[in-house]
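The values are calculated or read from the model by the stated rules, or taken from the named source; none is laboratory data. Source: prediction; values computed, not measured. We place every Cβ from the backbone using ideal geometry, glycine too, and count neighbours over all the protein chains shown. With ligands, DNA and RNA removed, areas are computed over all heavy atoms of the protein, side chains included. Shrake-Rupley method; radii C 1.70, N 1.55, O 1.52, S 1.80 Å.
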Amino acid sequence: MMLASPLDGIGVLDAAIVAVLGYAVVFFGLILLMIVIMVMGNIFIAKDKKREALNAAAKATIASVPVATPAASTAPAATAPGSAGKLKLYDVEPKTAAMLMAIVADKMGKPLNELRFISIKEVK
Amino acid sequence: MINVGEILLNLWQGSGFNAIFSGFTTGGWQNLVMLIIACVLLYLGIVKKFEPLLLVGIAFGCLLSNLPLGGLYHQELWTNFMDETSEFYHSYGEIMRHGGLLDIFYIGVKTSLYPCLIFMGVGAMTDFGPLLSNPKSLLLGAAAQMGVFVAFFGGICLGFTGSEAASIGIIGGADGPTAIFLTSKLAPHLLGAIAVAAYSYMALIPLIQPPIMNLLTNAEDRKIKMVQTRVVSKTEKIIFPIMVVIFVALLLPDTAPLIGCLMLGNLFKETGVTDRLSDTVQNALMNIVTILLSTAVGATMVGSTFLTANTLKIVVLGVVAFGISTAGGLLGGNVMCKLTGKKVNPLIGSAGVSAVPMAARVSNVQGQKANPSNFLLMHAMGPNVAGVIGSAIAAGFLLSVFG
């Protein structure tokens, strides 16, 4: 049978060189990839920080606006847009409840703020 | 009047039993031994559950191709196909004209179609989030390719040719499709032995890795708890496969089929607009290709090429490759542990041998044995998926040298 490559009859020393070179190429390739991922990650982290800073600034601006009517403090707090009132939990940890609501929303394919959960009770 | 005796005699002479026993010394015994090996592999797949989805198909393919006169697989057609002096060199037409069912199946292996489609499914099932949140884990994926090159060197020392040694070495990448992809191109006559060794050792990872992990890490380091990494945005996950294909395929064009399919599958998963394609690639396509791939690979296990001393050498070199790759990953983990001031648990290094997600699970189990409140699974998934890319790069390098 003919040799598939001129390097097929490679000697031990050449094989050692190929092995070291191959290992180095794998490292080089993955280090290159690592650098690219790090740069990409840093860009996204910087973007997130910028967005958070803008949100914080907007919240601070809203908080600094004086309340016009003192009577408003006695009135029940207004619900935020998309809020669906209070949720009653029976023997369920808030973390578990949050997870369950997320799963239900995902399975129904609807945003969480379009669903209303009235109560969650553990069935024993 | 019909001669019943002659009919029965013809039936006997045309039977596989006659072929085995009348030609017992000229190859019949090899068929018999291969049938026994096929049954042992079926036992390992069905009863011991060693990678059953692949091993059952491989074993049955082996069984079918070693039934004399079945005409399902023709080794001589593929020998001519690979012989540059033959008039049928690289003639798929000849295979289609005279080949059996398993010869037709095998065309998909020979053209690298099946390993690439399997990689597409693997990509669609893989979450690269842990890798993106901790890119340094790519270094562990690279470190864990050590066994590939040590086994390659060992293969040369044991008298294999460069192409054969490269195909044997890639067993250390612990990645079945990559091993089949490279072997079908460089040393197709060793495909059966290499595929069986690769998948058997992958199934044995929970037995092979823990002793090496205990040997190369200390008890204190195994208890290290790693902090949760950042949440990766959807956009990053969509950009990642596109970016990897561009960088890796430009660096090593020979890896383009494997990495391209891996990342295409991952893109289907992450875009959110190709859910149907992602679902098909992960399930229906993956299952169909697994059937064709496993039976075709099993068919190459014919007695004349499998029952040789080389097969035993491959089995030994394969386990050496696995062990050294594990050790390489752990050494990388130890270095990262020291450099980061004990913020990295070195056990995640062994997950760099690919074998997703089995190797990451083993890291998690060993971590929990040292510290029951330790959860290393997501941290180990980073090196684990990095190992898939690393083994594809190693295969691309070996292909560019010996292809």
Item to complete: Being of a type in the set (K, R) and at the interface with chain B (Cβ under 10 Å from one of its Cβ atoms) narrows it down to one of A:K47, A:K59, so name that one.
Response: A:K47
Discussion item. Could you check the range A:31-44 and list, in sequence order, the residues that are within 20 Å of the chain's Cα centre (by Cα) and more than 7 Å from chain B (Cβ to nearest Cβ)?
Written reply: A:V39, A:N42, A:I43
Practice prompt. Return yes when B:S163 is among the small types (G, A, S) and either within 14 Å of chain A (Cβ to nearest Cβ) or more than 20 Å from the chain's Cα centre (by Cα) (or both) and no when it is not.
Written response: yes
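Can you say whether B:M286 is outside any helix (DSSP H, G or I) and either under 23 Å from B:A392 (Cα atoms) or open to solvent by less than 10 Å² (accessible area, probe 1.4 Å) (or both), as far as the supplied structure shows?
Numbers: outside any helix (DSSP H, G or I): no; either under 23 Å from B:A392 (Cα atoms) or open to solvent by less than 10 Å² (accessible area, probe 1.4 Å) (or both): yes.
Taking the combined requirement at face value, the residue does not satisfy it.
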Worksheet item: If you go through the range B:299-322 one residue at a time, do you hit one that is in contact (Cβ under 8 Å) with a residue 12 or more places away in the chain, open to solvent by less than 20 Å² (accessible area, probe 1.4 Å), within 30 Å of B:L158 (Cβ to Cβ) and among the aromatic types (F, W, Y)?
Response: yes
Worksheet item: Can you name the number of the only condition in (1) within 14 Å of chain A (Cβ to nearest Cβ); (2) within 22 Å of the chain's Cα centre (by Cα) that B:F81 fails?
Response: (2)
Worksheet item: Taking the range A:11-30 only, how many residues are more than 18 Å from B:G154 (Cβ to Cβ) and more than 7 Å from every other protein chain (Cβ to nearest Cβ)?
Response: 2
Response to the item:
Only unsatisfied item for B:L9, checking (1) open to solvent by 50 Å² or more (accessible area, probe 1.4 Å); (2) closer than 23 Å to B:T308 by Cα; (3) not in a loop (DSSP other than H, G, I, E, B), is (2)
Worksheet, complete the sentence: Quick count over the range B:127-159, residues being within 30 Å of B:F402 (Cα to Cα) and either within 7 Å of chain A (Cβ to nearest Cβ) or open to solvent by 10 Å² or more (accessible area, probe 1.4 Å) (or both), is 15
Practice prompt. Among residues belonging to the range B:220-253 that are more than 7 Å from chain A (Cβ to nearest Cβ) and among the acidic types (D, E), point out the one that is nearest to B:P135 (Cα to Cα).
Written response: B:D221
Item to complete: Would you please name the residue that is surrounded by the most Cβ atoms within 10 Å (Cβ to Cβ), looking only at residues in the range B:373-403 that are over 16 Å from the mean Cα position of the chain (by Cα) and among the hydroxyl-bearing types (S, T, Y)?
Response: B:S400
Response to the item:
With criteria (1) open to solvent by less than 60 Å² (accessible area, probe 1.4 Å); (2) more than 27 Å from the chain's Cα centre (by Cα); (3) modelled with pLDDT of 80 or more; (4) away from every other protein chain (no Cβ under 14 Å), A:A75 comes up short on (3)
Worksheet item: How many of the residues making up the range B:23-38 are at pLDDT below 85 and within 10 Å of B:P68 (Cβ to Cβ)?
Response: 3
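Within the range B:12-55, how many residues are open to solvent by less than 70 Å² (accessible area, probe 1.4 Å) and more than 14 Å from B:S304 (Cβ to Cβ)? Walk me through it before giving the result.
Applying the first criterion (open to solvent by less than 70 Å² (accessible area, probe 1.4 Å)) to the range B:12-55 yields B:14-16, B:18-20, B:23, B:27-28, B:30-35, B:37-38, B:41-42, B:44-45, B:50-52, B:54-55.
Now narrow it down to the ones that are more than 14 Å from B:S304 (Cβ to Cβ): B:14-16, B:18-20, B:35, B:38, B:41-42, B:44-45, B:50-52, B:54-55.
Here the count works out to 17.
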Discussion item. For the range B:56-71: of the residues being crowded, with 20+ Cβ neighbours inside 10 Å and closer than 21 Å to B:Q30 by Cβ, which is farthest from the chain's Cα centre (by Cα)?
Written reply: B:N66
Worksheet entry | Leading residue by the ranking (farthest from the other protein chains (Cβ to nearest Cβ)) among those in the range B:361-387 that are touching a Gly at 6+ places or on another chain (Cβ under 9 Å) and within 18 Å of B:L204 (Cα to Cα) | B:S363
